[in-house]
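The values are calculated or read from the model by the stated rules, or taken from the named source; none is laboratory data. Fair warning: this is a prediction, and the values are worked out from it, not measured in the lab. All Cβ positions, glycine included, derive from the backbone under ideal geometry; neighbour counts span all protein chains shown. With ligands, DNA and RNA removed, areas are computed over all heavy atoms of the protein, side chains included. Shrake-Rupley method; radii C 1.70, N 1.55, O 1.52, S 1.80 Å.
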Amino acid sequence: MNATMIQFFHWYSEGNSKLYDHAKDSAEYLKQLGISAVWFPPAYKANGGGFSVGYDPYDLYDLGEFDQKGTIPTKYGSKEQYINACKTLQENGISVIADIVLNHKAGGDEKEKFHAVKVNPENRQENISEPFEIESYTKFTFPNREKKYSDFEWNFTCFSGVDYAEGQEEGIYQIIHDFGDGWEEMIDTEKGNYDYLMYNDIDHRNPFVREELDKWGKWYHDQIHFDGLRLDAVKHQSPVFYKEWLYKLRENTAKNIFAVGEYWAPGEVNLLQDYIDATEGCMSLFDSSLQQNFHIASKEGADYDLRKIFDETLTLLNPAFSVTVVDNHDTQPLQALEAPVEAWFKPLAYALILLRENGYPCVFYPDLFGADYTDKDREGNDQVIFLDKVEKIEELLKARQQFAYGAQKDYFEDANCLAWTREGDDEHAGCAVVLSNKDAYEKPMEMGKKYSGKQFFDFMGWFPEKVTIDENGWGNFPVPAGNVSVWVPE
């Protein structure tokens, strides 16, 4: 079976504790489509309580169990609903991917006084003040959890920087303590050092922090028995930390847990490769460069040379570590990294990640279920967004499970028409895929002599006519203008 992940949420996913139940109710449908893994949003209590998407984590041990931040459940549901959804998916042979945010914490319970130095936000290596005493919300005691599961309390020595200081101007304040001098070492020099991202930045050099996060990782696994992890903001975290943390988690659970990191650097695939090298291959990464190529191709239309679609991508250079996406919660309209793929191009993009050999594809929730929401645009005006389900997405997913197997042969001669064949294997028939960003085409391709005399039909349903494979194993496979066809044997 070809592995296929779905990101089962988006930035504006409906709240009111409905998402977990929706995932549970969708388990059989997802299984029928060949979805093999569900990536859930951050499941622990965040500073925004029941309204938070989850990337402002407050208490990692509160999976919707304690009355904290104004609510017992998270935006997505209670701990019981979460566990039940995970169990149902796993009973249907679908793995659970948990979203892990270990870069920062938000919503401290008490203020502390400590020494810090203000830094230039555009060059965090440049101090713009002398060391001085500040006061910030760096103490996390979780009073309403009453030390259940863990009695660890976070204080200022657990963090390397904050963006809030009582009575001071907004800025980035590097904390001075005994566990590390300056920021943690990153692989890139963007902003001088991009260790600091937001809120209270966790300092992974503190041995007590590492010990607590090791303990928490095992505890979290034992609650829902996750099969994989999506690691948030690894660009801003020490590769040394994650290499050690994942090794211990896999050792403590006796399980080869899958991990994919979010290192968002479109057009800079060298940085992704550097991070893979620095972490010694302990995690895959999302192919942000391929997503950017999809975005650009969808904007440029027929002017885009499709032969360049995989240029400078992780999927081309290191496919074993590539997780491919068409869109995600950060690139969707009205988000910070907004780079959506236009609707007309999405079937082509999904064909490119679902029906080829390389990469581990991840489907985005709105592309399978649709979505609508309202948020502020860049000018501060309300904007209503409607995201329709991608045309023929179910056919593409089913084609992946039934036909996208065996050796691949590319026909990438034309700037506006890409095509390839998969010859199949001992258990699956193969397929011929043709996509166009301009005119209708008919592409001659070799399926192999074992298919001689067989008739192929368009699995997407665009053409009623069949294609007959000749005695040499060749056929002429058409595609509609600006679309994709998938041809499979009867």
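Listing for the model above:
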{"item": "Sequence of 189, 421, 374 from largest to smallest accessible area, 1.4 Å probe", "result": "189, 374, 421"}
{"item": "Gain in span if fully extended, residue 391 to residue 211, counting 0.36 nm per residue against the direct Cα distance", "result": "60.0 nm"}
{"item": "Length added when fully stretched, residue 344-residue 148, from 0.36 nm per residue minus Cα-Cα", "result": "65.5 nm"}
{"item": "The chain - charge dipole about Cα centre, Lys and Arg +1 at Cβ, Asp and Glu -1, debye rounded to 20", "result": "1380"}
{"item": "In Å², nearest 10: area of residue 316 left accessible to a 1.4 Å probe", "result": "100"}
{"item": "The range 286-387: trypsin sites (Lys or Arg not before Pro) falling in loop per DSSP and having at most 12 other Cβ within 10 Å", "result": "378"}
{"item": "Expected 222 nm ellipticity per residue - DSSP helices of 4 or more, -39500 (n - 2.57), all of the chain, to 500", "result": "-6500 deg cm²/dmol"}
{"item": "Positive-end extreme of charge dipole, the range 344-456 - chosen from 359, 453, 441 (charges on Cβ)", "result": "453"}
{"item": "Among 427-440, 38-51, the order from most to least packed when residues are scored by Cβ within 10 Å on average", "result": "38-51, 427-440"}
{"item": "Virtual spin-label span in nm between residue 474 and residue 369, 7 Å along Cα→Cβ", "result": "4.8"}
{"item": "Spin-label model distance (nm) - residue 125 vs residue 197, 7 Å beyond Cα toward Cβ", "result": "2.2"}
{"item": "R0 of 22 Å, Cβ-Cβ distance residue 139-residue 80: FRET efficiency to nearest 0.05", "result": "0.15"}
{"item": "Partner aspartates and glutamates for residue 75 [C-alpha distance under 16 Å; skip if fewer than 8 residues away on the same chain]", "result": "14, 21, 56, 59, 62, 65, 67, 99"}
{"item": "DSSP-assigned coil residues among GluC sites (Glu not before Pro) in the range 108-181, each with at most 13 further Cβ atoms within 10 Å", "result": "122, 146, 166, 169, 170"}
{"item": "Principal axis dimensions, the range 74-147 - Cα atoms, whole angstrom, descending", "result": "58, 33, 18"}
{"item": "Relative contact order %, the range 406-489, counting alpha carbon pairs below 8 Å whose residues are six or more apart", "result": "31"}
{"item": "Share of carbon and sulfur in the accessible heavy-atom surface of the chain [1.4 Å probe, %]", "result": "45"}
{"item": "Cα-centred dipole magnitude for the range 1-156, charges only on beta-carbon of K, R (+1) and D, E (-1), debye, nearest 20", "result": "280"}
{"item": "By average C-beta atoms within 10 angstrom, highest first, the peptides 447-453, 360-366", "result": "360-366, 447-453"}
{"item": "Ranked packing of 247-257, 19-29, 278-288, most packed first, by mean Cβ within 10 Å", "result": "278-288, 19-29, 247-257"}
{"item": "Within straight-line cross-link reach of residue 248, lysines at Cα separation under 26 Å, skipping those fewer than 8 residues along the same chain", "result": "45, 79, 87, 105, 147, 148, 215, 218, 235"}
{"item": "On Cα atoms only, tilt of 269-278 relative to the major axis of the chain in degrees", "result": "60"}
{"item": "Angle between the chain longest axis and helix 288-300 axis [Cα atoms, degrees, rounded to 10]", "result": "60"}
{"item": "Nonlocal Lys pairs with alpha-carbon distance under 21 Å, the range 336-414 (8 or more apart, or different chains)", "result": "5"}
{"item": "Taking the convex hull of Cα positions in the range 406-489, its mean projected area over all directions (nm²)", "result": "4.9"}
{"item": "Charge context of residue 429, other residues only, Cβ under 15 angstrom, K/R +1, D/E -1", "result": "+1"}
{"item": "For the chain, accessible area per residue (1.4 Å probe, heavy atoms of protein chains only), Å²", "result": "40"}
{"item": "Pairwise label distance in nanometres, residue 402 with residue 377, each label 7 Å out on the Cα-Cβ vector", "result": "4.2"}
{"item": "Relative contact order of the chain, pairs being alpha-carbon contacts under 8 Å that are 6 or more residues apart, as %", "result": "10"}
{"item": "On Cα atoms only, tilt of 207-224 relative to the major axis of the chain in degrees", "result": "50"}
{"item": "For residue 218, solvent-accessible area (1.4 Å; no DNA, RNA or ligand), Å²", "result": "70"}
{"item": "Those aspartates and glutamates that a straight Cα-Cα span of less than 15 Å connects to residue 31, excepting residues fewer than 8 apart in one chain", "result": "91, 394, 395"}
{"item": "Stretch gain in nm, segment residue 440-residue 1, where the contour uses 0.36 nm per residue and the Cα spacing is subtracted", "result": "154.8 nm"}
